[in-house]
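Student: Following this message is one structure expressed as structure tokens.
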Amino acid sequence: MPFFLTANLKDLGVQALGDLSLGLGFLNLYGFSLKYPENGPFASSVTRAQLPLLDIKPTLAYKVTEDVSVGLGADIFTFGSFIGEGHAERQLISAGATTELNGKGTTAGLNASLLYTVLRAENGQPRLNLAGIWRSQAVVPLNGALSANGGKVADTKSSILLPESYTAGIAWWQIRDQAHEWKLEFNVDWVRWQSIRNFDTQLSNGGFLPNLQHWSNSLTYAVGTEYKWLRPAWLPAWDVALRAGYNRSETPVPDRNFSPTPPDADVNVLSIGAGFLCGKSGMFLGLISCGSDAGGLLSRKAMGIDLAYQAVLFEQRTVTGSPDPNVDGTYKTTNHVGSVTLRVNF
């Protein structure tokens, strides 16, 4: 479950550092877990896999001018025993034995960002924003074990390379006044997957498990829109937003490195959602006052809830030439994702 916390130092009474904001994020970066039958066609390649990788994101943001802000942050990648099995894991059937390869470790990467407001509306709020984000490469060490039928065979050393990426975005408010806001967004994301060359594993008994990879760089395009009613007459204590979006992502994985963990392909994602934010005079879910007059650092100013649904539609893919011939074939994959986000403004 993702968690984000942000604070402007001036709001906390710290004036000496100017317009500096602090942020902390916590999320499960990939979160995939899958399981196939042990008597199924993929048994010699994978019967179970998971990557419960956590990303802890301490971040600084500074408003250089009224129109330019910069950000700098770290990405601390690690595993936790409270998420999944607490390590990366892959199981398969080899020579009649249930074989498991697992590992965990910690590393860190950097990210930097820029936000530039090109135009503003008459009320001073942004009308046209440009933004960019750079994320560094990071290598997560995986130290674990190889086991067969529950018995340890050897200690292992491997790694996961998380590639460098660049993101650029533009946001345009077609309408932005005291009653309504209508925003259009477009993002493009380039990931240097080409840097992934192998997932080799070294064994403590002198053995070696080669796993060559020849991935390619990929692009993701995303477009979205949000229409917002600000304190409408039919719900005067609330801001109400409707959202929709689409993105398309290219797969970096060629047939010769294809694995059903997970079965990747070019993907189209359709999203819809709604958001509700209430101020002091509102009641959240009819139970809690959205604002508080108590004063102090943790005095509530607003509360909100956001709902979203995604249809993740992978394009049909026919795989030939995989290292495991049992994996060759035609794949059709569709995922359905729902989310609920709670927000409190102090």
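The values are calculated or read from the model by the stated rules, or taken from the named source; none is laboratory data. The structure presented is a predicted model; accordingly, all values stated were derived computationally and were not measured. With ideal geometry, Cβ positions are generated from the backbone for all residues, glycine too; neighbour counts draw on all protein chains shown. Only protein heavy atoms, including side chains, enter the accessible area calculation; ligands, DNA and RNA are left aside. Shrake-Rupley method; radii C 1.70, N 1.55, O 1.52, S 1.80 Å.
Student: Roughly what would the spin-label model give for L235 and D177, points 7 Å off Cα along C-beta, in nm?
Tutor: Once both label points are built, they end up 2.2 nm from each other.
Student: Would you mind checking which residues have amide H under 5 Å from S322's amide H? H placed 1.01 Å from N; only 5 or more apart, or other chain.
Tutor: Residues meeting the criterion, in which the H sits 1.01 Å from N, are D328.
Student: Could you tell me the distance between the Cα centroids of region 177-240 and region 24-64, to the nearest Å?
Tutor: 14
Student: Using a 1.4 Å probe on the protein chains only, how many percent of the accessible area of region 158-298 belongs to carbon and sulfur? Spell out each step's value before the answer.
Tutor: Values: 4600 of 7430 Å².
Percent of accessible area from carbon and sulfur atoms in region 158-298: 62.
Student: Counting only heavy atoms of protein chains, what accessible area per residue, in Å², does region 1-139 have with a probe of 1.4 Å? Write down the numbers at each step before the final one.
Tutor: Values: 7780 Å² over 139 residues.
Result: 56 Å² of accessible area for each residue.
Student: With a cut-off of 8 Å between alpha carbons and a minimum separation of six or more residues, what is the relative contact order of the chain in percent?
Tutor: Working: 928 pairs, mean separation 31.9, N = 346.
So the answer I get is 9 percent.
Student: Not counting ligands, DNA or RNA, and with a 1.4 Å probe, what is T6's accessible surface area in Å² rounded to the nearest 10?
Tutor: Roll a 1.4 Å probe over it and T6 shows about 120 Å².
Student: Considering Cα pairs under 8 angstrom that are at least six residues apart, work out the relative contact order of region 221-263 and quote it in whole percent.
Tutor: Details: 40 pairs, mean separation 16.3, N = 43.
Relative CO of region 221-263 lands at 38 percent.
Student: I'd like the Karplus ³J(HN,Hα) series for region 338-343: coefficients 6.51, -1.76, 1.60, θ = phi - 60°, whole numbers in Hz, and an x wherever there's a Gly or Pro.
Tutor: Per-residue couplings from phi come out as x, 8, 10, 10, 9, 9 Hz.
Student: Going through region 197-271, which chymotrypsin sites (Phe, Trp or Tyr not before Pro) have at most 14 other Cβ atoms within 10 Å and a DSSP loop state?
Tutor: Working: sites: F199, F208, W215, Y221, Y227, W229, W234, W238, Y246, F258; in loops: F199, W215, W234, F258.
Qualifying residues, ordered by number: W234.
Student: I need the Kirkwood Rh of the chain: take the reciprocal of the average 1/r across all distinct C-alpha pairs and report it in angstrom. Working shown, then result.
Tutor: Values: mean 1/r = 0.0430 Å⁻¹.
Roughly 23.2 Å, rounded to one decimal.
Student: To continue, here is another question. Quick one: Karplus J couplings for region 54-70, per residue in order, coefficients 6.51, -1.76, 1.60, θ = phi - 60°, nearest Hz, x for Gly and Pro?
Tutor: 9, 10, 9, 10, x, 9, 10, 9, 10, 8, 5, 9, 4, 10, 10, 10, 10
Student: Can you give the accessible area per residue of region 151-296, in Å², using a 1.4 Å probe? Intermediate values should be presented prior to the final figure.
Tutor: Values: 7660 Å² over 146 residues.
Roughly 52 Å² per residue, with all protein chains present.
Student: Figure the gain on full extension for S81 and T333 (residue separation times 0.36 nm, minus the Cα-Cα span) and round it to one decimal in nm. If you can, show how the numbers build up before the last one.
Tutor: Numbers: separation 252, 0.36 × 252 = 90.72 nm, distance 2.96 nm.
Between S81 and T333, full extension yields an extra 87.8 nm.
Student: With label points built 7 Å along Cα→Cβ from the Cα atoms of F4 and A148, find their separation and express it in nm.
Tutor: 4.8
Student: Run through region 196-246 and list the trypsin sites (Lys or Arg not before Pro) located in a DSSP loop whose Cβ has at most 16 other Cβ atoms within 10 Å.
Tutor: Details: sites: R197, K228, R243; in loops: R197.
Hits after loop and neighbour filter: R197.
Student: What's the carbon and sulfur percent of region 1-116's accessible surface, probe 1.4 angstrom, rounded to a whole number? Please list the in-between numbers first.
Tutor: Details: 4050 of 6460 Å².
Carbon and sulfur atoms account for 63 percent of the accessible area of region 1-116.
Student: When we measure straight from the Cα of K157, which aspartates and glutamates land under 19 angstrom away, once same-chain ones fewer than 8 places off are left out?
Tutor: In chain and number order, the partners are E85, E89, E100, D200.
Student: Using the Karplus equation 6.51 cos²θ - 1.76 cosθ + 1.60 (θ = phi - 60°), what ³J(HN,Hα) coupling, rounded to whole Hz, does each residue of region 73-85 give in order, writing x for Gly and Pro?
Tutor: x, 10, 10, 9, 9, 7, 10, x, 5, 8, 10, x, 8
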